[in-house]
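Before any comments, here is the structure.
None of the figures in this text is laboratory data; all of them are computed from the coordinates on show. These numbers were taken from a predicted model, which means no experiment stands behind them. Cβ sites come from the backbone with ideal geometry, for glycine too, and all protein chains shown count toward neighbours.
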Amino acid sequence: MSSQNGQQRSVPPGVRARIEAIKKIRKQEEMIKESMRKVKYKIAVLSGKGGVGKSFVTASLAFALAYMGKRVGVLDADIYGPSIPKMMGVPPGTVYGTEDGRLIPPTAPLGVKVLSVGLMLPQEDLPVIWRGPLSSSAIREMLAYAEWGELDYLLIDLPPGTGDEQLTIMQLIKDLTGVLIVTIPSDVSGVIVSKAVNFVRRLGANIIGIIENMSYFRCPDGSIHYIFGEGAGKKVAEKYNVRFLGEIPIDPRISRANDAGEPFFLKYPDSEASKAFLKIAGNVAEIVEGKSQNSMS
Ligand SMILES: Nc1ncnc2c1ncn2[C@@H]1O[C@H](COP(=O)(O)OP(=O)(O)OP(=O)(O)O)[C@@H](O)[C@H]1O
Ligand SMILES: [Mg+2]
């Protein structure tokens, strides 16, 4: 660097490192834009609270959209608990890298492309101990080098919560189509969903709608039991003027299938839950494909 009178001034190493880091991030952001260029709709799946079935909903919705004939990809952005590969029946160690460093996502049944840190780890039970900044750079790299090809939908399973990490990931995807919020029907969960709605709105992103999971349990005699309470999802949707996209019942076969690495949607296509996913996927497609853009909020 030269000063005004032509003398050379050296850049302190700390500043140089920072400049290099910013350059790298800029380049990655350009690469992310490029790798997403052929993806029509980018949808983040969010829940304020952990354990509400967000990953299961993401996986099943991906299969339901693919069943409807859409080209679908799933990005598991929850690097601490990457449960998507197992739920979608994709074994670890199946991501291929090209010579120029691109990542080729493996395909789950119905041709759904899946990318997850979980697929790059040699063993499934290896813990991922990354601090926040490291984890967001891992996601950035995954997004930058992903080779999605042409997709109609990319569903992004965010880590649970509405903090810095979720914010960073959502900001990486510049033209995010919208956000799906997953909840369960308890009042406590309803309060947390309110936070999620406000979080998304503060970011200026669209909310496609709210999905309620574990809404009820239907006994073999047909009677319905509201195990986790009733109607919080609908209530919050009404309060914030957001679409309610549908409810998914509790089914013990869901956790059994997920644990066994067998995609529930494909194993039990006639179940009430799978039918609910088809209905929700239809709702999502109708909203995002422009038929009722006005209802996004
Ligand atoms: N409708 C349902 N009926 C029965 N079990 C379900 C249902 N939905 C999800 N589960 C089970 O609940 C558990 C949590 O689901 P999942 O991992 O999808 O939640 P999550 O919100 O992604 O959790 P995390 O916050 O840890 O990422 C899993 O064991 C899953 O199989
Ligand atoms: Mg999850």
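When the label point is put 7 Å from the Cα of K275 along its Cα-to-beta-carbon vector, which residues of region 46-72 have a backbone N closer than 17 Å? Only 64 fall inside the zone, counting backbone N under 17 Å.
Distance between the modelled labels on K33 and D187, one decimal in nanometres: 4.8 nm (7 Å Cα→Cβ projection). For the chain, excluding the exposed loop sites themselves (GluC sites (Glu not before Pro), DSSP loop, at most 10 other Cβ atoms within 10 Å), the longest remaining stretch covers 151-297. Here the residues K54, K49, ranked from fewest to most Cβ neighbours within 10 Å of their Cβ, fall in the order K49, K54. Rounded to the nearest 10 degrees, the inclination of helix 132-145 to the longest alpha-carbon principal axis of the chain is 90 degrees. Of the trypsin sites (Lys or Arg not before Pro) found in region 212-297, those in coil by DSSP whose Cβ has at most 11 other Cβ atoms within 10 Å are K291.
For the chain, the longest principal axis of the Cα atoms and the long axis of helix 187-203 meet at an angle of about 40 degrees. For the chain, what relative contact order do you get, as a whole percent, if you take Cα pairs closer than 8 Å and at least 6 residues apart? The value is 22 percent. Between the C-alpha center of region 21-69 and that of region 210-250 there is a gap of 25 Å.
Pairs from the table (K42/K113; K40/K234; K234/K279; K70/K174; K54/K195) lying more than 18 angstrom apart at Cα are K40/K234; K70/K174. Of the peptides 179-186, 67-74, the order by per-residue mean of other Cβ atoms within 10 Å, starting with the highest, comes out as 179-186, 67-74.
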